[in-house]
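Remarks on the structure that follows.
The values are calculated or read from the model by the stated rules, or taken from the named source; none is laboratory data. Bear in mind the structure is a predicted one, so any value in this text is a computation, not a measurement. When we count neighbours, we look across all protein chains shown, and the Cβ atoms used for this are built from the backbone with ideal geometry, even at glycine.
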Amino acid sequence: METLSKLLQPIQKKTDDTGNKVTVVGVGQVGMAAVFAMLTQGVTSNIALVDVSAEKVKGEMLDLQHGSAFMRNAKISASTDYAVSAGSKICIVTAGVRQREGETRLDLVQRNTDVLKMIIPQLLKHSPDTILMIASNPVDILTFVTWKLSGLPKQRVIGSGTNLDSARFRYLLSERLGIAPTSCHGYIIGEHGDTSVPVWSGVNIAGVRLSDLNKDIGSACDTENWKVVHEKVVQSAYEVIKLKGYTSWAIGLSLAQLARAILTNAHSVHPGEHGIEDEAFLSLPCVLGTCGVYDIVRQPLTDNELQQLRKSAKVMAQVQAGIKF
Ligand SMILES: NC(=O)C1=CN([C@@H]2O[C@H](COP(=O)(O)OP(=O)(O)OC[C@H]3O[C@@H](n4cnc5c(N)ncnc54)[C@H](O)[C@@H]3O)[C@@H](O)[C@H]2O)C=CC1
Ligand SMILES: CC(=O)C(=O)O
């Protein structure tokens, strides 16, 4: 008798199905930060990695598997073959090129559209019921591209959008107010990045709106110059890219939070990408759960905030018009 048979008396065949499988396509800085956050936070116990580089994807898989005993018994698989992604509840796409110093996110659009053309049909072939979550940049436009390529209903195509910008905003508010980021409530909506819109009218601490204390907050005539907080949010990625070459930890944590909301059917509200009009995807506060986006919160906006959101949508539409599908 072999050792295994001496140890175990089989009662039934084991299944690998955990019901919470997540595939991450692109095992670069963003993909691996998201994977590490999801595994260490116990967001999923079943991760599949896919990348074009066979060596890199195998190396990342082995390195994580060697850490298994420090985590929560997750199954970690990897391949260049999309069959490894079969049965995923969520597929997160972080593959493609990133900005070099001096480039904007919009500069990446056609190169990363071409990458998505290869990836999306493969993901859907193996996981037809999946929710697609896009992080590759320019994320708003690539979420629109994914929606077009996939033919899925909008509620199942989600971009990480301004979830990251909002987290940066809350951190910077916390620094100025001396209050924890989790207790500083505020949303950035619209484009992830350069034309993002800070909803100053709703920023609050324990329900106390800062705009009731300073009616000019965030505007050009605000003598306390709070608008610099949003300016810093917009500059954040450029600053980090200049310093370390890429951004990774914050977006990894942001993706893990969105994945958790879906896998736990949390009905929690996140500024995620959604098709606000037929031809543009921009971030608005969305209620997320196991079926994807359930609702969009009807956030009251000032005329100025609405005008900025429309400007964001216009920029998106202009860039989208030039994409070759
Ligand atoms: N939405 C957000 O808030 C953020 C988005 N990003 C974006 O995420 C993307 C990835 O950034 P990084 O991880 O830093 O880049 P990276 O260069 O470190 O990794 C990209 C990975 O994609 C893989 N890849 C390329 N083409 C592929 C294909 N056709 N199929 C499968 N894998 C493929 C590469 O082999 C590489 O491993 C960029 O577009 C970047 O701009 C980055 C930070 C924040
Ligand atoms: C690169 C990028 O999109 C970010 O860190 O915001």
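Filter the helices (runs of 4 or more DSSP H) completely within region 1-65 down to those with at least 1 residues that are under 17 Å from the mean Cα position of the chain (by Cα).
Numbers: elements: 3-7, 29-40, 54-65.
By residue number, 29-40.
Taking region 201-229 as the search range and keeping residues that are buried (at least 18 other Cβ atoms within 10 Å of the Cβ) and touching a residue at least 60 places away in the same chain (Cβ under 8 Å), which one is farthest from ligand 1 (Cβ to nearest atom)? Don't jump to the end; show me each part of the working.
Let us first name the residues in region 201-229 that are buried (at least 18 other Cβ atoms within 10 Å of the Cβ), namely 201-203, 210-211, 217-218, 226, 229.
So of that shortlist, the ones also touching a residue at least 60 places away in the same chain (Cβ under 8 Å) come out as 201-202, 229.
Numbers: S201: 24, G202: 22, V229: 19 Å.
Within region 201-229, the match that is farthest from ligand 1 (Cβ to nearest atom) is S201.
Only one of (1) buried (at least 21 other Cβ atoms within 10 Å of the Cβ); (2) more than 16 Å from ligand 2 (Cβ to nearest atom); (3) of a type outside the set (S, T, N, Q) is not met by D140, so which one is it?
Of everything listed in (1) buried (at least 21 other Cβ atoms within 10 Å of the Cβ); (2) more than 16 Å from ligand 2 (Cβ to nearest atom); (3) of a type outside the set (S, T, N, Q), D140 misses just condition (2).
Can you tell me which condition L284 does not meet? The list is (1) under 11 Å from the mean Cα position of the chain (by Cα); (2) of a type outside the set (F, W, Y); (3) crowded, with 20+ Cβ neighbours inside 10 Å, and all the others hold.
(1)
Suppose the filter is in contact (Cβ under 8 Å) with a residue 12 or more places away in the chain, in contact with a Ser or Thr (Cβ under 9 Å, 6 or more places away or on another chain), assigned to a loop (DSSP other than H, G, I, E, B) and within 16 Å of ligand 1 (Cβ to nearest atom); does G87 pass it? Walk me through it before giving the result.
Numbers: in contact (Cβ under 8 Å) with a residue 12 or more places away in the chain: yes; in contact with a Ser or Thr (Cβ under 9 Å, 6 or more places away or on another chain): yes; assigned to a loop (DSSP other than H, G, I, E, B): yes; within 16 Å of ligand 1 (Cβ to nearest atom): no.
Here the answer is no, as G87 does not meet what is asked.
For S136, all conditions in the list (1) in a helix (DSSP H, G or I); (2) in contact with a helix residue (DSSP H, G or I) (Cβ under 6 Å, 6 or more places away or on another chain) hold save one; what is the number of the exception?
Exception for S136: condition (1).
Given the conditions (1) of a type in the set (V, I, T); (2) crowded, with 17+ Cβ neighbours inside 10 Å; (3) under 30 Å from L108 (Cα atoms), report the number of the one that T80 does not fulfil.
If we test T80 against (1) of a type in the set (V, I, T); (2) crowded, with 17+ Cβ neighbours inside 10 Å; (3) under 30 Å from L108 (Cα atoms), just (2) comes out false.
Would you please list the contacts, defined by Cβ atoms under 7 Å and residues six or more apart or on different chains, that run from a residue in region 43-61 that is under 15 Å from C91 (Cβ atoms) to a residue that is among the polar types (S, T, N, Q) and at pLDDT below 95?
Close Cβ pairs satisfying both conditions: N46/T18.
Can you say whether S219 is within 18 Å of P285 (Cβ to Cβ) and of a type in the set (S, T, Y), as far as the supplied structure shows? Spell out the reasoning first.
Details: within 18 Å of P285 (Cβ to Cβ): no; of a type in the set (S, T, Y): yes.
Against the criterion (within 18 Å of P285 (Cβ to Cβ) and of a type in the set (S, T, Y)), S219 does not qualify.
Filter region 230-269 down to the residues that are surrounded by 15 or more Cβ atoms within 10 Å (Cβ to Cβ) and away from ligand 2 (no atom under 16 Å from the Cβ) and list them by number.
A259, R260, A261, I262, L263, A266, S268, V269
Conditions (1) modelled with pLDDT of 95 or more; (2) loosely packed, with under 12 Cβ neighbours inside 10 Å; (3) of a type in the set (F, W, Y), marked per residue:
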{"position": "K13", "(1), (2), (3)": "yes, yes, no"}
{"position": "V25", "(1), (2), (3)": "yes, no, no"}
{"position": "F36", "(1), (2), (3)": "yes, no, yes"}
{"position": "S45", "(1), (2), (3)": "yes, no, no"}
{"position": "A48", "(1), (2), (3)": "yes, no, no"}
{"position": "I76", "(1), (2), (3)": "yes, no, no"}
{"position": "S88", "(1), (2), (3)": "yes, no, no"}
{"position": "V97", "(1), (2), (3)": "yes, no, no"}
{"position": "E103", "(1), (2), (3)": "no, no, no"}
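Of the residues L106, L124, which is within 15 Å of P138 (Cα to Cα), assigned to a helix (DSSP H, G or I) and aliphatic (A, V, I, L, M)?
On the way: L124 fails: within 15 Å of P138 (Cα to Cα).
The conditions single out L106.
Just to be sure before I move on: is D216 within 16 Å of ligand 2 (Cβ to nearest atom), in a loop (DSSP other than H, G, I, E, B) and farther than 20 Å from A261 by Cα in the structure I sent?
The answer is no for D216.
Is it the case that some residue within region 140-154 is closer than 22 Å to A261 by Cβ, touching a His at 6+ places or on another chain (Cβ under 7 Å), away from ligand 1 (no atom under 15 Å from the Cβ) and assigned to a helix (DSSP H, G or I)? Full working, then the answer.
Filtering region 140-154 for residues closer than 22 Å to A261 by Cβ gives 140, 142-144, 146-147, 150, 152-154.
Subsequent filtering for residues that are touching a His at 6+ places or on another chain (Cβ under 7 Å) retains 140, 154.
If we keep only those that are away from ligand 1 (no atom under 15 Å from the Cβ) as well, we get 154.
Subsequent filtering for residues that are assigned to a helix (DSSP H, G or I) retains 154.
Yes: region 140-154 contains one or more residues that are closer than 22 Å to A261 by Cβ, touching a His at 6+ places or on another chain (Cβ under 7 Å), away from ligand 1 (no atom under 15 Å from the Cβ) and assigned to a helix (DSSP H, G or I).
Is there a residue being within 16 Å of ligand 2 (Cβ to nearest atom), under 14 Å from the mean Cα position of the chain (by Cα), over 27 Å from D17 (Cα atoms) and in contact (Cβ under 8 Å) with a residue 12 or more places away in the chain anywhere in region 107-128?
No, because not a single residue in region 107-128 is within 16 Å of ligand 2 (Cβ to nearest atom), under 14 Å from the mean Cα position of the chain (by Cα), over 27 Å from D17 (Cα atoms) and in contact (Cβ under 8 Å) with a residue 12 or more places away in the chain.
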